[in-house]
1. Before anything else, pin down the relative contact order of segment B:46-378: Cα pairs under 8 Å, at least 6 apart, normalised by residue count, whole percent.
2. What residues have an amide H closer than 5 Å to that of A:Asn48, excluding those fewer than 5 places away on the same chain, when H is modeled at 1.01 Å from N in the peptide plane?
3. Among B:Gly141, B:Tyr55, B:Gly204, which residue has its Cα positioned farthest towards the positive end of the charge dipole of chain B, with +1 placed on the Cβ of Lys and Arg, -1 on the Cβ of Asp and Glu, and the dipole taken about the Cα centre?
4. Magnitude of the Cβ-charge dipole of the protein assembly as shown, K/R +1 and D/E -1, about the Cα centre, nearest 20 debye?
5. Just tell me how shielded B:62-69 is by partners: mean number of partner chain Cβ atoms within 10 Å of each residue's Cβ, no decimals.
6. Where does the longest stretch of chain A lie that holds no trypsin sites (Lys or Arg not before Pro) found in a DSSP loop with 10 or fewer other Cβ atoms within 10 Å?
7. What percent do you get for the relative contact order of segment A:165-251 when only Cα pairs under 8 Å and 6+ apart count?
8. Pairs of Cα atoms under 8 Å, at least six residues apart: use those to get the relative contact order of segment B:108-248, whole percent.
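Derivation of every value follows stated rules applied to the coordinates shown; laboratory data play no part. Note that the structure is predicted; figures quoted are calculated from it, not measured. Glycine also receives a Cβ, built like all others from the backbone with ideal geometry; neighbour counts cover every protein chain displayed.
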Amino acid sequence: MADKPGMAVHKFASCDGCQLAFLNLGEDLLTLSQAVDIVHFAEAGPVNPEAAVDIAFIEGSISTPEDLERLLRIRANTRYLITLGACATAGGLQALRNFADADEWVASIYPEPGYIQSLATSTPIARHVKVDLEIWGCPVTGRQVLAAVSALLSGVSPWIEKDKVCMECKRHQTVCVMVTRGIPCMGPVTRTGCGALCPSFGRDCYACYGPAENPNTGSLARRLEGLGLVPEAVARRFRFITAGATEFAEAGAYRGDLSHD
Amino acid sequence: MTEPRHIPITLPVLARVEGEGTLELRVHDGEIEDLRLRIFEPPRMFEKLLEGRDYSEVPDMVARICGICPVAYQMSAVHALESLFGVRPTEWIRAMRRVMYCGEWIQSHSLHIHMLAAPDFLGFPGMVEMAQRHPDEVRRGLMLQALGNDLIRLLGARSVHPVGVRVGGFYRAPKQGEIDSLLEELRAALPQAEALVRWTASLGFPEDEQQFTCVALRHPDEYPMNEGRLVSTQGLDIPADLFEKHFVEHQVPHSTALHCLHDGKPYLVGPLARLNLNMDRLPGHVRDVVDGLRLGFPSRNMHHSIVARAIEIMIAVHEAIRLLESYREPHSPNINLRPVAGVGAGCTEAPRGILWQRYEIDAAGKVRRARIVPPTSQNQARIEDDLRQSLRCFGTDRREEELRHHGERVIRNYDPCISCATHFLDLRINRSASG
């Protein structure tokens with residue numbers, strides 16, 4: 001069937017966890033392979049990185065000069081480009097290096113740093129090429145990727161979650177860990193889509209799905225300080241899995257609420 | 001003097017490995033002069049990312065090293081930190097960690113067997129094509145993979161980067177009802193896991209006996225996962241915190257994964273090494289099944305790794321049933337602890353072999369220094385050794401396509417998780433001839 005849409009899954013600096021959103025689909029993976037022609041997905045088998053496709057999924061962040069060249073070729077060869085997960089969408093946990101001296105880091109891990117070619121930064125895909133759809137999450141879920149593929153196959157715009165984790169907790173009737181137990185939770189500023197798993201396990205959300213729409217980070221930072229976190233600990237809460245997202249990178253510069261009223 | 005004739009060849013990305021790498025071969029007059037497995041992971045520098053973070057953040061961070069074995073990273077980390085703080089987990093915590101690890105072994109091994117390795121043995125490009133001819137086997141594999149994920153979810157809420165693990169135990173204890181429904185699934189899966197062992201054993205294997213040293217954990221009475229001494233087939237027997245005295249990592253120019261050597265030599269970690277060193281720790285019923293196979297374990301044939309993985313799936317299903325049958329909801333799913341300054345190490349059996357971590361913590365509970373030695377960097381020197389021997393036996397004058405396919409099969413036996421260490425596997429052959 002030559003007229004099936006072509007799909008590719010590419011990988012950059014990442015943990016492979018978002019590709020598992022496909023590989024953990026079970027029977028649905030076989031169904032998906034009927035609906036689209038999976039032309040490149042090295043971990044699953046097909047290898048054809050240069051083929052022209054309709055949908056290219058990208059996992060991982062850009063951190064070497066070769067990565068950047070490869071990314072430009074992928075963009076030129078695809079109709080829709082979709083980023084999968086925190087690394088591709090915000091630079092990932094490894095974007096923490098953007099706040100440090102990366103050369104010094106390489107030198108302290110590798111005895112011969114000259115062999116290691118690495119950019120000083122880990123950056124999201126959208127910093128370099130046009131991205132048609134960003135799927136947030138660390139990791140993304142099978143539900144998210146299937147919804148995106150189904151929407152594109154049906155010719156409609158994919159639905160993207162922008163709500164806060166708090167909203168999902170309310171819908172699940174999960175008792176608020178911050179209000180009832182004083183646990184410093186990131187739910188009020190974090191995008192949902194995960195299922196509000198952490199509060200349902202009695203712990204704090206740690207913002208692995210990135211910033212929600214219109215997050216009031218300043219207000220949450222003051223609240224966290226009110227719960228007893230020192231300013232440096234408040235800053236670390238924002239500088240975590242999605243430290244490279246603009247709203248969190250800014251909030252991560254938090255140095256305390258100087259205007260106590 | 002004659003000019004050597006060089007024919008550089010680049011072949012596409014190696015398929016069906018977790019991550020990417022390149023195989024470079026230099027062949028002169030039919031002899032392998034140089035062979036390099038370039039595992040190229042854009043360096044993510046996790047050990048540095050951890051510096052300055054609070055100890056309590058470590059389990060959520062190290063999970064991100066590998067989406068396929070996040071539980072292993074969390075387990076080695078919490079053991080290292082708890083030993084540093086001088087606390088011992090309760091029996092309940094110990095049992096639940098083992099259950100969670102069973103889930104990861106089942107999930108990771110099922111994925112590897114069905115999506116990555118079995119297509120080699122049966123001559124298919126991938127699982128999707130294999131499913132046309134072997135639908136029942138593929139379905140069984142997908143069912144087991146899902147079961148492994150369910151077990152991780154029981155304690156971690158999700159199977160990739162689970163959120164339930166903390167230093168000192170778990171955030172939440174499962175309810176009895178959740179245990180009961182999983183037990184039903186597990187009991188139904190046990191005969192399926194046994195059938196999987198028999199199926200993998202019937203696949204047909206190249207004759208390829210090699211000499212190599214196996215290294216694994218060994219526990220006084222269990223098949224090893226979270227605890228044990230480090231032992232080898234050469235007589236090593238040490239507590240895991242002495243790892244650095246006997247195992248040394250060094251950098252090679254062609255890889256971002258550091259090579260690790262044991263007393264200066266390559267060694268094997270992973271399912272086959274574990275099984276070879278722990279045959280007498282197999283649960284009774286599993287032992288009977290293994291004894292009934294025509295293959296002889298312990299084995300020196302790396303192609304038997306796929307069977308070792310299936311056997312470990314059966315062990316894990318059996319163990320999860322045993323542990324969950326005596327489940328009781330605890331008073332608390334975690335123990336109290338107070339951070340103290342010091343250094344602590346932890347070693348557990350990731351699906352791909354021993355995963356060693358060491359942390360130095362300051363008095364405020366922050367990470368001063370971290371060191372992580374993943375299984376793939378330990379296996380890398382052994383993989384190169386194996387490739388040299390296997391490709392010589394296979395014949396270096398064969399077509400590139402054949403060489404690549406055989407090389408891929410050899411590499412896949414190790415299930416290299418290239419994200420852990422490493423990414424890009426294409427083959428570059430440089431052939432030359434005198435005259």
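1. Taking the mean separation of contacting Cα pairs over the length of segment B:46-378, I get 28 percent.
2. For A:Asn48, the qualifying residues are A:Phe41.
3. B:Tyr55
4. Dipole of the protein assembly as shown, to the nearest 20 debye: 1220 debye.
5. On the way: counts 1, 7, 12, 3, 4, 13, 7, 2.
Going residue by residue through B:62-69 and averaging, the value is 6.
6. On the way: sites that count: A:Lys130, A:Arg255.
The longest uninterrupted stretch comes out as A:1-129.
7. 26
8. Numbers: 107 pairs, mean separation 16.9, N = 141.
Relative CO of segment B:108-248 lands at 12 percent.
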